[in-house]
Structures are given as C-alpha cells and as structure tokens.
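The values are calculated or read from the model by the stated rules, or taken from the named source; none is laboratory data. Owing to the predicted nature of the structure, the values given are computational and were not obtained by experimental measurement. Counting neighbours? That spans all protein chains shown, and the Cβs are built from the backbone with ideal geometry, glycine included.
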Amino acid sequence: MFKKIPIWAILFFSFAFILGCNDNAIPANKVFAVKDLAHKKVGVQIGNTADIYASDFGGDTAKIQVERYSKLTDAIQALSQGKIDAVLCDDQPAKAFLRQNQSLKILDEVFVEETYAGVIAKNNTALLDTVNMALKNLKISGTYDSIFNTYINRSSDFHYTQKVKSENKLILSTNAQFPPYEFHSANGIEGIDIEIARYIADYMNRSLEIQDIEFDAIINSVNSGKADIGLAGFTITEERKKSILFTTPYAESKIVVIVRDNNKISKTESIGELLHKNFIKEARWKFIVEGLGNTLIISFFAAFLGICIGIGVSFVRFAHETMGGMKFLNTICKIYLAIIRGTPVLVQLLIIYYIVFSSVNVNKILVAVIAFGINSGAYVSEILRSGFKAIDPGQIEAGRSLGLRFRHILSHIAFPQAFKTSLPSMTNEFITLIKETSICGYIGITDLTRGGDIIRSLTYEAMLPLLAVAVIYFILVAGLSSCVARLEKRLKKNER
Amino acid sequence: MNAKPNTIIQVQNLSKSFGNLQVLKNISLDVYQGDVIAIIGPSGCGKSTFIRHLNMLEKQDEGKILFNGKDIYEKGLHSRFVRERIGMVFQQFNLFKNLTVLKNIMLAPVTLHKMTKSEAEAKAKELLNKVGLSGYENHYPSQLSGGQQQRIAIARAMAMNPDVLLFDEPTSALDPEMVGEVLKIIKDLANSGMTMLIVTHEMNFAKSVANKVLFFSEGIIKEQGTPQEIFENPKDERLKEFLSVIH
C-alpha cells in the first residue's frame, strides 16, 4: 500500500492538470458600462482605493458584490476564468495586464479618477519635506517625464539607475504586483515607483533597499519604522490621511473596468509553450528555487527551535505534574501555550515582525524562524507531554526509590520513552510546519508559495506554477515522512 | 538521639490521611539490623502506604521516621541519601522499559557515582547470576516473564548495596507458577542477613522467612509477634478471622 502512494499522487496531480487545461464554459461578458456593474461580482485588490469606491457604489439598490483579492493578478485570473464579471483597477496596471491577456478589454468609460502619492510615517515630517523636495527636483529636471515615457508611452528606454552607494539606506516598502509602477522582472523589481525611489535615495545620498510585501501591509510597515517610505500607487484618501503622511502627488491615474472581451477567445497554448512561459523564459524557475531554499531553511531551523522550546516546556510541565513545586514556571508555560494555541500563526508572524521587532532592522528569515519556532514549540511540548503521560508512574517511582534525582529520571527513563511514543504525532506537527511556512509572503519573504505567486503575477497563468509548487511541497512532506518512518523502525528494534 | 546501636529504622507515631480517610493511625515500630519483618493484613489496611513512607514515596502528616537515628525529613539530609540506603521492590516490578536488563541494574549506581561503569557491570552480572538470570543482560523488560522481571527488579534494588530492602507485595502480580522462583530469591536474601520488610499475602512464606510478623488492620498494627505467636496462637479477633479466611 505504502509503495503505491506516489502513483496515486501522480494520478491526482495529472487530474488537476487536465482540469486546469479545460477552459470551456466561460460565461459571456455582461458588463458594457459602469452602470452595468450593479449586482455583479467585481474583483478588486485588498487595500486599493478601487475597493473603497466599489464598496460605496450604487447605494443600497445597485450594490456591487465586491470580491477582494490580495493580488491583482488573482483578480485578473478569476475574471478570465469567468469566476467574476469585472475587475476594477488603476489604468496603467490594467493596460499592462491586457498586453499579456488578449481575451480581456478595458471599458471606455472610466470608473473614477485619482492621484498617486508616496506614504511616510505619521510623525516624520522632516523626511516628508526632503522627499517632496526630491519629487520637485525630479519633475524640474525632466527625469520624471523620461521615466513616464519609458513605462507609460513606451516611447523611450530611459532608466534611472542609482548613483549613490552608501551604508546609509533608504528603505522602500512596495508590493511588486502592480505593473508598470512596480513588478518583478528578470532584473529584480522594476517600475516607475522604483525609479522614483532611486532618484529620492540619490537626492538623500543613501542607497535604496526594496522591501516587497503585501499591499495592505505597507502602511503598517512604514509607520512601524520597518521602511522609510512606501510607494505602491497609493491614492490619497481621507481615511489613509489619518494614519499616514502623503507626499505631493507624483502621478495621476484612473480606475477602469476590465471585462472579458466577447469577440476574442483566448488562444490555447500548448503544454510546451506553457512550460516555457512559466519556467524557462527569463529563467523564471529561479523564483521557485529561491523560494524552495527559503522554505527549507525556515522549516528546518523553526523545527529545531520548536523542538528545543517544546522539550523545555514539556520538562517544566512534567516536573510540575510529578514532583510539584514549579508553580511559577508552570504558569508561564501554560500562558505561553494558551496564547500560541489560541491565535493563528499568521497573526503571530505579523505581531513578531511588526510589533516585537518593529524598531530593529532584523533579517526576515530570522523573524520567520523565530515565529514558526515559537509556534511549533507549543504543539511539540503538548505532544511530548502526552508522551510523558503515557509512561506508567511506577517507573518514575522506581527511579526515585533508587535515589535517582528527577533530572536523571527525566533524561534516562522518561524522555526516551516519551519521545518514542510522540514520534508519529511529532511528524504530523512538522508536516504542518512545512506547509504553514507558505504564509511567509506576508512579511515579504520569497518562500516556495511566494515564488510560484511571482511567476503567476508575470505570466497570468495559474495552473502550472501552482501545480509545480504543490508537487514540491508534496515531495518535501513525503521525504520527511519516509525519514521518520525509518527512524521509528530503528527505535522499535530497541524494544523487541 | 537515643536509638539503640543496632536499630536501623524507628517509626514514631506515624499518621497519614488521604482526604477524609485516615490510612495510618499513630503507628510506631522499631526495625533492628537483620530483621525480616512480614506485614500481613486485609487489603486497604494501610500496609503498602506504610512501607512507601519508609522509602519517602509518601509524606506523613504526623510522626517521625528515623533512619540510623536521623529524621529522614531533617533539613540537610537529602531524600536521595535515604533512598540510596533503602531499596524497594514493587508489586508491578516497574522496570525501566527503554533499558536493557543490564542497564536497568547499572543505571543508579553509575549515575549516582557509586561505582564506575566496569564495577557496576561486574556487580550487575554477579547479581544476575544470583537471581538465576545470567545470559539475559541484553534483553528488554518486555521480553521477560513476570517472574523474571521481578527477579531483575530485586537485582536492581540490590545493586545499590542497600541497608534495608522493602518489598511491596512482590508476588501479587505474578502467575502462580512464577511465585516460587521469586520467593526463593527473597528467602536467599533473608538467609544472607539482609534487613527486610515484606508486605505479603503468602502466609506460608511469611511463616518460614520472617522473624517478626505485623498484622495491620484499619490503619493500626493490631497484633505483632513471632510467626509462631501470630499464626499458631493469634489473640486478636480480627486476626483470627483473617487467618481463617486465608487458610
């Protein structure tokens, strides 16, 4: 039975692949003007102003059913697959998307017009003044127009490259899923906002560091001091003004409506073409490799930290339960367990990144290791505790009657037995841990999932990147399971 | 401390309650060097609780236990010191399941730095020979019968060279055909001059091995004396009834 698992897995993934290739039955477009949006399912990006406008649209009688996506690419994909009826987004990204996806079109009627500005921490007026001066210079010098000609009008290939190299850094927080303002390319993250940021950094005599995180996390990041400035096509709104400072606007944009084009049926690409587009073109497989590396590093060290914490906590609790007298430590452990097990790991990750380490510039991988390690420790300790409970108290009494101290009993008798009993549940915990690291993207780490997401944002193609990511996770978990199975076998020999 | 020179354990007015139930009521007892004391009585009379106190596995509510003239709960006297000197054998054997027979026996002397590894190993082999289980060094407890496990447990307790050995119903969890092999070992120990307290239901064994028998009932020592006095000429009504049921 065990040997057949890979075969079943291959069958499952192939089935998913066939389903993915099948793009029949996409409903025809029914949105031809802004007023048609009433009662339709409309996709927006979480935190984008389109979200606010869409929610307010139509009063009580003609409401839009707003579907919120964390990435615009996901919304576009949902639209082309017929899951939603329209997407509201800024016109430049919309045009960029449509260059890739021929089966969509932009309505001539504009949904709303708006302006973009950078965001700076609420209390940092000094930085605001400097950035505004830099933006003014940018326009006067004509650099601004050149950048726009490159990205928007496509009439030049001017790129602003940074000149200053300094220890002093200007940290830019952005969400590189918003072409042409910011997006991933073979050369890293590029776009209008990025080049503007380079100019500002030069003006301030600092070198630019880019932090790529979720759009709705940028304002937090800037306010908590994780980044100096946020540029990500931010529209000035009264709501945002309450929590952040806006620079002078540097671009104007319109929110437009993207719908399916009934006249154009998307041409089906062969599997070869799809593979080329998703993995080979511009060496896109590197995103997956980089992500896999980070996933492995984070999982491994978090599991290690989790085991250490878990052993420590379970020792305290076991000692308290058998001997008593560790009331204070035991209470601390109980509080730790209650908090960690009572809150989602994503929330814990964000709290550790944005609150605990808010004022320290700390490596994000380390943050993830700490967050997942602390989280896993709680589960490991409870698993071990149940292992301790399974030991009959007679053995512990026998140890005590021989004069052995508690720590001897623990290390020579109780722990080896508890560890062995807990091994199957522990494996389960580490399998969960590997898969849970897929939320690292929230603090801007390119893990395996995020690596696949970046490819999706470049190719507007869901199936292959997602399947590739799923297969890799599957192989990781299968590898771990078989290693532990071997270990279990060896430990079993010890007894019988 | 006015203990007689050859008194090993003195129990003075020991009382213990579990919740509302008083299990031991004001018990006093002197144990002399070389004593083999059998403790008999109906179940739930406090025999096991009493013997567990001597190994500090229970803490009395009132009274004192003196070991070589010193209060075992006296400050500065580590509980471990008392336990090293007083060995215990349990009803359920309680061998360490993750360790081989040899390591079960060697663990305490080596960990507590009583012996070097090689000394402990030699001692363990000698003890295994004594309990008739040479050749079982590398077996795990789960591979042994109950009688074999109990003999290992005795060897394990002996490895610390204790002054006193306590047995808490050592044969009650055994199949009938294995009782004999364990009793024989205990008898050999008694003949070698070991001081022992044995909680048991084996009356013939108590008769033949003990120099003193205690009859426990309702938390007190109802009657004590030589085996002849207890078994052939019982005075207490409760004891007479108990013996008539047993025989």
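In this structure, B:Phe90 does not satisfy being farther than 28 Å from B:Leu174 by Cα and either within 14 Å of another protein chain (Cβ to nearest Cβ) or in contact with a strand residue (DSSP E or B) (Cβ under 9 Å, 6 or more places away or on another chain) (or both).
Exactly one residue among A:Glu269, A:Glu239 is in the same structural domain as A:Ser185 (by TED's automatic domain parsing), of a type in the set (Asp, Glu) and either closer than 24 Å to A:Gln45 by Cα or free of Cβ contacts under 8 Å to residues at least 12 places away in the same chain (or both), and that residue is A:Glu239.
I need the helices (runs of 4 or more DSSP H) fully contained in region A:137-229, keeping only those with at least 1 residues that are under 28 Å from the mean Cα position of the chain (by Cα). If you could, list the steps in order and put the result at the bottom.
Values: elements: A:143-148, A:192-203, A:218-223.
Helices (runs of 4 or more DSSP H) meeting the threshold: A:192-203, A:218-223.
Annotation: of all residues in region B:93-114 being of a type in the set (S, T, N, Q) and more than 28 Å from B:Phe50 (Cβ to Cβ), the one that is farthest from the other protein chains (Cβ to nearest Cβ) is B:Thr100. Here is the figure for region A:131-172: residues that are buried (at least 16 other Cβ atoms within 10 Å of the Cβ) and free of Cβ contacts under 8 Å to residues at least 24 places away in the same chain total 2.
It is to be established whether one or more residues within region A:316-323 are within 14 Å of another protein chain (Cβ to nearest Cβ), at pLDDT below 95 and surrounded by fewer than 22 Cβ atoms within 10 Å (Cβ to Cβ). The answer is yes; a qualifying residue exists.
Among the residues of region B:164-179, are any part of a helix (DSSP H, G or I), under 27 Å from B:Gln224 (Cβ atoms) and away from chain A (no Cβ under 13 Å)? Yes, there is a match, as at least one residue in region B:164-179 is part of a helix (DSSP H, G or I), under 27 Å from B:Gln224 (Cβ atoms) and away from chain A (no Cβ under 13 Å). Each residue in region A:41-68 was checked for being under 23 Å from the mean Cα position of the chain (by Cα) and not aliphatic (A, V, I, L, M), and 8 of them qualify. Somewhere in region B:41-55, is a residue among the hydroxyl-bearing types (Ser, Thr, Tyr), over 24 Å from A:Asp392 (Cβ atoms) and surrounded by fewer than 17 Cβ atoms within 10 Å (Cβ to Cβ)? Scanning region B:41-55 turns up no residue that is among the hydroxyl-bearing types (Ser, Thr, Tyr), over 24 Å from A:Asp392 (Cβ atoms) and surrounded by fewer than 17 Cβ atoms within 10 Å (Cβ to Cβ).
Taking region A:391-403 as the search range and keeping residues that are surrounded by 24 or more Cβ atoms within 10 Å (Cβ to Cβ) and within 7 Å of chain B (Cβ to nearest Cβ), which one is modelled with the highest pLDDT?
A:Ala398
Could we say that B:Met160 is surrounded by fewer than 21 Cβ atoms within 10 Å (Cβ to Cβ) and in a loop (DSSP other than H, G, I, E, B) here? Against the criterion (surrounded by fewer than 21 Cβ atoms within 10 Å (Cβ to Cβ) and in a loop (DSSP other than H, G, I, E, B)), B:Met160 does not qualify.
Being over 23 Å from B:Phe242 (Cβ atoms) and either away from every other protein chain (no Cβ under 14 Å) or surrounded by 19 or more Cβ atoms within 10 Å (Cβ to Cβ) (or both) holds for only one residue in B:Asn20, B:Asn26, and it is B:Asn20. Among the candidates A:Phe279, A:Phe304, A:Phe234, the residue that is in a helix (DSSP H, G or I) and either crowded, with 18+ Cβ neighbours inside 10 Å or modelled with pLDDT under 95 (or both) is uniquely A:Phe279.
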